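Student: Please read through the structure below; I'll follow up with questions.
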Amino acid sequence: MTIVLIICAAMLSVAAVCVVVRMTIGPTILDRAVALDVFVAIGICALAIEAALNRHTFTLPILLVLTLLGFVGSVSVARFTRGSDDIEADRT
């Protein structure tokens with residue numbers, strides 16, 4: 001069980017570092033928004049692993065709120081950005 005937990009923590013850590021790098025160098029606002037949504041999903045996975053490890057349900061409302069926050073954030077960014085946020089389209 002400990003080996004599985006270490007592997008899951010390592011995978012989530014590597015994913016979080018990659019997402020932070022993507023948020024930092026993302027050329028468009030949509031890249032950054034998707035990276036933030038993935039970062040929220042990584043946090044949800046980490047909380048779910050913690051809840052499964054400790055065998056409690058106290059974090060389920062937190063997981064539900066984070067899920068709704070990620071969905072509403074993504075929809076809001078998609079709704080209020082311009083029609084085209086492509087770098088190549090801006091050059092022409």
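The values are calculated or read from the model by the stated rules, or taken from the named source; none is laboratory data. These numbers were taken from a predicted model, which means no experiment stands behind them. Virtual Cβ from ideal backbone geometry, glycine too; neighbours counted across all protein chains shown. These area figures cover heavy atoms from the full protein model, side chains too; ligands, DNA and RNA do not enter into them. Shrake-Rupley method; radii C 1.70, N 1.55, O 1.52, S 1.80 Å.
Student: Which condition number does MET1 fail, the rest of (1) farther than 15 Å from VAL77 by Cα; (2) modelled with pLDDT of 90 or more being met?
Tutor: (2)
Student: Looking only at segment 21-51, how many residues end up being open to solvent by 70 Å² or more (accessible area, probe 1.4 Å), over 15 Å from VAL77 (Cα atoms) and free of Cβ contacts under 8 Å to residues at least 60 places away in the same chain?
Tutor: 5
Student: Say we look at segment 4-20 and pick out the residues that are of a type in the set (Val, Ile, Thr) and within 30 Å of ARG79 (Cα to Cα); which of these is surrounded by the fewest Cβ atoms within 10 Å (Cβ to Cβ)? Break it down stepwise before answering.
Tutor: Step one: of segment 4-20, the residues of a type in the set (Val, Ile, Thr) are 4, 6-7, 14, 17, 19-20.
So of that shortlist, the ones also within 30 Å of ARG79 (Cα to Cα) come out as 17, 19-20.
Numbers: VAL17: 10, VAL19: 19, VAL20: 12.
Ranking the candidates gives VAL17 first.
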